[in-house]
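Okay, so here's the structure we're looking at.
The values are calculated or read from the model by the stated rules, or taken from the named source; none is laboratory data. As the structure is a computational prediction, the values presented were derived from the model and not from experiment. All accessible areas refer to the heavy atoms of the entire protein, side chains included, with ligands and DNA or RNA removed. Shrake-Rupley method; radii C 1.70, N 1.55, O 1.52, S 1.80 Å.
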Amino acid sequence: MRSPLHDLFNQSGAAMNKTGKFGVAIAASLMMGGYAAAADLPAAPAYKAQAPVAAVYNWTGFYIGGNAGYGWGNQDPMVLFANRFDRAGFDISGGMIGGTFGAQIQQGYVVLGLEGDIDWANISGSSVVTPSILGIGQGVTLNTSSNISALATARARVGIAMNNVLIYATGGGAFVKSTASASTIAGVPCGTLGVLPDCSGSSWRPGISAGLGVEYGFTPNWSVKAEYLYTKVVGTGVSTDELNVVRGGINYRF
């Protein structure tokens, strides 16, 4: 015969058993819901390394350098003897070498600057000349020679920078040191008063110079360039010399 206490224990155990099964079911349901929610989340984006940004070349700064090249053109030596004669030019050619200095600033793709140079030159020629005034010969024939011994320019530069390549136009003033000498080969002697008072002459003469060039920066401070310059020298009221120059150079920028 079971006692009332025995029945109470049996009922309590059954109730606890049902409660435990219910709790397990709830836990399982929550776990399944968590897995489903996690499955619905978007996948984390894969990390992609950023490419390094390339350094932009900077043309701003002061610079000094050297240059060398070749010049050719036409020179009138008679203006160095006296300025009253008709033009009597002849061809000249030769080499040159010298120094360069300048400063420039870059704004975006545009580079603005000032540049000066002075070159020793040996651009020379010779010819037989018969001096005339208004087409009338002066009774003398000369063996003349002339030489441009120095060339200096002071110019503005305007360029377009494509990273470390600079294409530029330039223009400004020029000064040319010219010398000439002559000897008589026919007619009155060279140096005759009223005809040809001097048989030699030398002077610095002003002019204009303009051209184009390209410069390449091969390190942050060093660059090389190639350029063409046209220079026209003006005497006393007349054009006397025309000079074409092609030259290369190297610059160091501070």
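Brief remarks follow.
- Accessible-area composition of the range 50-127, carbon plus sulfur, in percent [1.4 Å probe]: 64
- Heavy-atom accessible area per residue - the range 94-248, 1.4 Å, Å²: 46
- Stretching Thr130 away from Val56 to a fully extended chain increases their span by 20.6 nm, per 0.36 nm per residue minus the current alpha-carbon distance.
- Measuring spread by the Cα atoms of the range 135-183 yields a radius of gyration and Dmax of 20.1, 63 Å.
- For the range 166-254, the Cα-based Rg and Dmax, in that order, read 19.8, 64 Å.
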